[in-house]
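Peer 1: Let me begin by handing over the structure; questions about it come next.
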């Protein structure tokens, strides 16, 4: 079964610094990949998704992610962090056995220091 | 004009009680989901319905019974509540039954079983 690993349960950056949140998936068959963001006391919101088109995917709020098959990775980046980016970020992957099921990583809490 | 709404937002109850959580989407989507997010923020799918038909049932105890009276509603009834049921329950919807599609999440229902 497919699995997804997010390295670092907490990432802390200064405002204006680069944001890098890591995500690795387990399948040898390129899946569909997603990043969702969860602001405090809210539901999840899609940031971006990879569905086998361009390997560099641009999302909302200045975030982007690059699909790297050789590294089985889909890391999320943003050149300059803003205080409003503080939230929980989830990487998700489509399940190989069930094409309509998403498997979520354990999440990474992004803290932005002033 | 909330896209995916859930009621109640908070639910505090005693062990052994029966409770229901309601979900409604006004997006015209065919597919709806229930997810459970535990205290460590781990998010796991419980059920998925497509056009009122149960598609995914992720080895959830049969104390949990989803009901979809129509495409726009997916309710979750829980019998004989246990301490371990304490979590945040998210409803979500997507246009079609494929993980390619963006899932739209409700704000969550925070259930605390005492």
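The values are calculated or read from the model by the stated rules, or taken from the named source; none is laboratory data. Here the structure is a predicted model, which is why all the values come from computation and not from measurement. Positions of Cβ are generated from backbone atoms using ideal geometry, with glycine treated the same way; all protein chains shown enter the neighbour counts.
Peer 1: Please work out which one of (1) modelled with pLDDT under 95; (2) in contact with a helix residue (DSSP H, G or I) (Cβ under 6 Å, 6 or more places away or on another chain) is the condition residue A:112 fails and give its number.
Peer 2: (1)
Peer 1: Just the residues that are assigned to a loop (DSSP other than H, G, I, E, B) and more than 9 Å from chain A (Cβ to nearest Cβ), please, taken from the range B:10-44.
Peer 2: As a first pass, look at the range B:10-44 and keep what is assigned to a loop (DSSP other than H, G, I, E, B): B:14-18, B:26-30, B:38-42.
Result: B:14, B:15, B:16, B:17, B:18, B:26, B:27, B:28, B:29, B:30, B:38, B:39.
Peer 1: Additional query: What is the one condition in (1) within 14 Å of chain A (Cβ to nearest Cβ); (2) over 14 Å from the mean Cα position of the chain (by Cα); (3) assigned to a strand (DSSP E or B) that residue B:98 does not satisfy?
Peer 2: It is condition (3) that residue B:98 fails.
Peer 1: To continue, here is another question. Hey, among the residues in the range B:83-95 that are more than 9 Å from chain A (Cβ to nearest Cβ) and part of a strand (DSSP E or B), which one's surrounded by the most Cβ atoms within 10 Å (Cβ to Cβ)? Outline the logic, then answer.
Peer 2: So the first thing to find is which residues in the range B:83-95 are more than 9 Å from chain A (Cβ to nearest Cβ), and the list is B:83-89, B:93, B:95.
Restricting the remaining residues to those that are part of a strand (DSSP E or B) gives B:87-89, B:93.
Working: B:87: 20, B:88: 19, B:89: 22, B:93: 27.
Only one residue tops the list, namely B:93.
Peer 1: Here are some conditions: (1) under 14 Å from residue B:50 (Cβ atoms); (2) more than 14 Å from the chain's Cα centre (by Cα); (3) within 14 Å of another protein chain (Cβ to nearest Cβ). Residue B:103 meets all but one. Which one does it not meet?
Peer 2: Single failed check for residue B:103: (2).
Peer 1: If you scan the range A:62-106, which residues turn out to be within 14 Å of residue A:47 (Cβ to Cβ), surrounded by fewer than 22 Cβ atoms within 10 Å (Cβ to Cβ) and at the interface with chain B (Cβ under 8 Å from one of its Cβ atoms)?
Peer 2: Passing the criteria: A:88, A:104.
Peer 1: Only one residue in B:41, B:52, B:36, B:19 is on the phi > 0 side of the Ramachandran plot, buried (at least 16 other Cβ atoms within 10 Å of the Cβ) and either within 14 Å of the chain's Cα centre (by Cα) or without any contact (Cβ under 8 Å) to a residue 24 or more places away in the chain (or both). Which one? Write out each step before concluding.
Peer 2: On the way: B:52 fails: buried (at least 16 other Cβ atoms within 10 Å of the Cβ); B:36 fails: on the phi > 0 side of the Ramachandran plot; B:19 fails: on the phi > 0 side of the Ramachandran plot.
Just one listed residue meets the conditions, B:41.
Peer 1: Within the range A:28-48, how many residues are under 28 Å from residue B:7 (Cβ atoms), out of contact with any helix residue (DSSP H, G or I) (no Cβ under 9 Å at 6 or more places or on another chain) and either without any contact (Cβ under 8 Å) to a residue 40 or more places away in the chain or facing another protein chain (nearest Cβ under 10 Å) (or both)?
Peer 2: 7
Peer 1: Please specify each residue of the range A:49-61 satisfying the condition of being away from chain B (no Cβ under 14 Å) and either touching a residue at least 12 places away in the same chain (Cβ under 8 Å) or in a loop (DSSP other than H, G, I, E, B) (or both).
Peer 2: Of all residues in the range A:49-61, those away from chain B (no Cβ under 14 Å) come to A:54-56, A:58, A:61.
Within the range A:49-61, A:54, A:55, A:61 qualify.
Peer 1: Tell me, please, whether a residue that is assigned to a loop (DSSP other than H, G, I, E, B) and either buried (at least 18 other Cβ atoms within 10 Å of the Cβ) or touching a residue at least 40 places away in the same chain (Cβ under 8 Å) (or both) can be found in the range B:63-75.
Peer 2: Looking through the range B:63-75, at least one residue is assigned to a loop (DSSP other than H, G, I, E, B) and either buried (at least 18 other Cβ atoms within 10 Å of the Cβ) or touching a residue at least 40 places away in the same chain (Cβ under 8 Å) (or both).
Peer 1: Looking at this structure, is residue B:80 at pLDDT 90 or above, away from every other protein chain (no Cβ under 12 Å), outside any strand (DSSP E or B) and over 23 Å from residue A:103 (Cβ atoms)? Full working, then the answer.
Peer 2: Numbers: at pLDDT 90 or above: yes; away from every other protein chain (no Cβ under 12 Å): yes; outside any strand (DSSP E or B): yes; over 23 Å from residue A:103 (Cβ atoms): yes.
So residue B:80 fits the description; yes.
Peer 1: Something else now. Based on what the data block shows, is residue B:38 under 14 Å from residue B:108 (Cα atoms) and either at pLDDT 90 or above or out of contact with any helix residue (DSSP H, G or I) (no Cβ under 6 Å at 6 or more places or on another chain) (or both)? Can you show your working first?
Peer 2: Values: under 14 Å from residue B:108 (Cα atoms): yes; either at pLDDT 90 or above or out of contact with any helix residue (DSSP H, G or I) (no Cβ under 6 Å at 6 or more places or on another chain) (or both): yes.
When the stated conditions are applied, residue B:38 passes them.
Peer 1: Among the residues of the range B:45-62, what is the count of those that are assigned to a strand (DSSP E or B) and either closer than 19 Å to residue B:114 by Cβ or more than 13 Å from chain A (Cβ to nearest Cβ) (or both)? Walk me through it before giving the result.
Peer 2: Step one: of the range B:45-62, the residues assigned to a strand (DSSP E or B) are B:45-50, B:53-57.
Narrowing the set further to residues that are either closer than 19 Å to residue B:114 by Cβ or more than 13 Å from chain A (Cβ to nearest Cβ) (or both) leaves none.
Count: 0.
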